[in-house]
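Comments concern the structure below.
The values are calculated or read from the model by the stated rules, or taken from the named source; none is laboratory data. Please read all numbers here as calculations on a predicted model, not as lab measurements. Heads up, the Cβs are rebuilt from the backbone with ideal geometry, glycines too, and the neighbour counts pull from every protein chain shown. Accessible surface is based on the protein model in full, side chains and every heavy atom, while ligands, DNA and RNA are left aside. Shrake-Rupley method; radii C 1.70, N 1.55, O 1.52, S 1.80 Å.
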Amino acid sequence: MERTKFRRWAVLALCVALALVWAVQNSALNVPLRWDVPEQIPEVLDDQREWHVSQDLWLDAGRYTLEWEGEAAGSAVVLAPDRLTADNREGVQLNETGSAAFEVDGQRVRVQVWTDETDAPARLTSGLFCDVDGLFAVLALGALAAFLLLRGPKTGEQKAVLAVLVCCTLAASLPALTPGVSYGPDLHFHLTRIQGIADGLASGQFPVRIQPTPVSGKGYATSLLYPDLFLYPAALLRFVGVSLEGAYRFTILALNAFTALFAWKAGRRMLGGSFAALVFCVLYTLAPYRICNLYVRAALGEAMAMTFLPVVALGFWLVLFRESDGWPVLALGMTGIIQSHLISTIFCVAFGGLLCLVCLRRVFQKERFFALVKAVALALALNLWYILPWARFSREDFNIFHLKFDVWDYALYPAQLFMTFGSVSGDAMRKGTLEGEMLLTPGLALLAAGGALLLALGLAWLEKAQLPSSARLGAGAAAFAGLSLWLCTDLFPWALAQRLPVVGEKVAVIQFPWRFLTTASLFLALCGGALAAWKLTGLSRQAKALVLTAAFCAVLLPSAGQMLQKTAEQPSYSRDGVLVTDNLYDAQYLYTGTSAGDLIARRRPVAGGEGLQVSGLSQRGNRMEFDWSGSGGEAVELPLTWYPGYAAVDGTGAELACEPGENGILTVRTQSDAGHMTVWYRGLWYFRVGDLVSLAAAAGLAAWAVARHTGWRVPLRRRTKLTV
């Protein structure tokens, strides 16, 4: 026993040592600067020199050294939080050796150099642990090693399950295990969301409603309309010093790990065995469309929603076909979907409603009916903190509610469902061409699983054989998979649906019919798991291992092709990359009529009447404090985007009126000739009501789960076992 314990701790120490070596090798920042010609070249000091601008750099607080390889004496180096004007040439000076040291407090900087050496290379360096990515890796690997060695699986079956889950996670995370983050159409949006939540927390908001980072630091209502609960771990990592790249890669790894875990747990319950559950887990975790969402499209919200789809499927299965007290699982699964992606929420509600219609007699059984009601009530209570602000701001006249999508023009040709390789550009092609189209398919492995199950069901029908529960589950999954695939393609009359009054506007919400590949991937993977539970459970252990290996390789082939091609061909964001905080994606969360370009370009910190004087200005995100004088009763413009819910008080605590100004800027109307002003985003009063209700629901659910697990509670009623 002592020898076993010694070996465990020895392996743990080795893991920590290897992580430390990795951290030492990867933590020091050593960035070659790339130079671009400015959009507007300022007037030159003489005929020989001009400005050269580096890429944007998001630097953590610390000390840095800029090294310029060339005759740099007298050249001005400027580091600024935003683009500089022609007459702004202040900054640190390069010395005769062509280097300069400076400190930053954690802001986006742009290096500008005034020089006549257009080709001279430059490099930005820092000391060890400029960011804490390496330290975080040490802690994460150490914690994982401790868990596996001290509290890990005991039986051979448990070890095999863990091995498959780890292999699925690592295989789905190949790009996240390489330097940089591959570019996708939605990448900068989600990177900005992570940074925006971190900046919102730093400014005192919780939960974050208006993210301070976008619109050149003026704020954007992303969190009010786009759910971001599951980005808080990444934002907290960013908040404590992990680089933006490290936080994003951590999110990808976590998503893959939880997807594999949830798929296996849901499959084991629905399919009745570890082997069938592992088949389902492999097919679903490595599904080509899920990989496309993660890396090709960088559609993080949709990928998050796919993590919880197996939980939702399990919840409906428990409530409608097994114990009625499985309703908390359904509520938690729907909470995961709601807090990930709104369009996926619509899909789940639609398919869940259809399932309830098909099983209408079951729905109106007393126990099941009240279980569904309780699941809906709990899901609403858990998410009320998000639903109330979303419902309020959905009434605003934002650009997102006026976007037009020709849904029919993005439907797939049926042949596309059988593609194995495609472009990694992430562009959504319209009808008429497949040139440059990304891989929009459930994958041949999943289609084969569905086809094999249908063949087995057909043979059983001809033989009039009695179907086990796994086969009946597979038959239902095959029917919903067929419906999903039909909805993906132009075989469905999307053009007609979009021309229908009232309904047509609602149809446009889904934007791209190929989004139904999310549900198609789930149901086809369930077909594979059901087939394994029905026909393959009697195989030997070696045969099961071969089946799992074959499924793993078959589904990984197109997915690995996407991942590796994307990593090799596409430019990437890394610590020396660009964070485009002003890419607002059609300015979706600005009011119609607002000029996004003019709002972004506005540089005045505080503006007002001619006599306005401002002093003592301090700003943390979208929280500002300053003293003013000479503007009694006038509107003072602040560098913040106006949204309902901003609050301002003067030095006496009296409320000041916040109003929308010209082009969507926030204005505050003063009440005296001088005073102190504090401005922050407070939200509306009923936002706090939603927060308290959701907090109480989460606390109650946690207490119920602990009581159920420990067994000290007195049951309110006897557990009811319902028959299939």
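Of note:
- One residue alone among Leu237, Leu187, Leu224 is aliphatic (A, V, I, L, M) and open to solvent by 10 Å² or more (accessible area, probe 1.4 Å), and that residue is Leu237.
- Sole exception among (1) in contact (Cβ under 8 Å) with a residue 12 or more places away in the chain; (2) open to solvent by 10 Å² or more (accessible area, probe 1.4 Å) for Phe206, by number: (1)
- Positions within the stretch 391-413 being touching a helix residue (DSSP H, G or I) at 6+ places or on another chain (Cβ under 6 Å) and farther than 19 Å from Ala497 by Cα, in sequence order: Phe393
- Scoring Lys154 on the criteria (1) basic (Lys, Arg); (2) under 30 Å from Ala276 (Cα atoms); (3) modelled with pLDDT of 85 or more leaves a single failure, condition (3).
- Looking only at the stretch 495-521, and only at residues there that are loosely packed, with under 15 Cβ neighbours inside 10 Å and of a type in the set (Lys, Arg), the one that is farthest from Leu447 (Cα to Cα): Arg499
- The residues in the stretch 175-202 that are of a type in the set (Ser, Thr, Tyr) and modelled with pLDDT of 85 or more can be counted, and the count is 1.
- The residues listed here are Ala305, Ala277; of these, the one that is more than 17 Å from the chain's Cα centre (by Cα), under 23 Å from Leu332 (Cα atoms) and crowded, with 24+ Cβ neighbours inside 10 Å is Ala277.
- Subset of the stretch 284-298 (residues that are part of a helix (DSSP H, G or I), open to solvent by less than 10 Å² (accessible area, probe 1.4 Å) and not charged (D, E, K, R)): Tyr284, Thr285, Pro288, Tyr289, Ile291, Cys292, Asn293, Leu294, Val296
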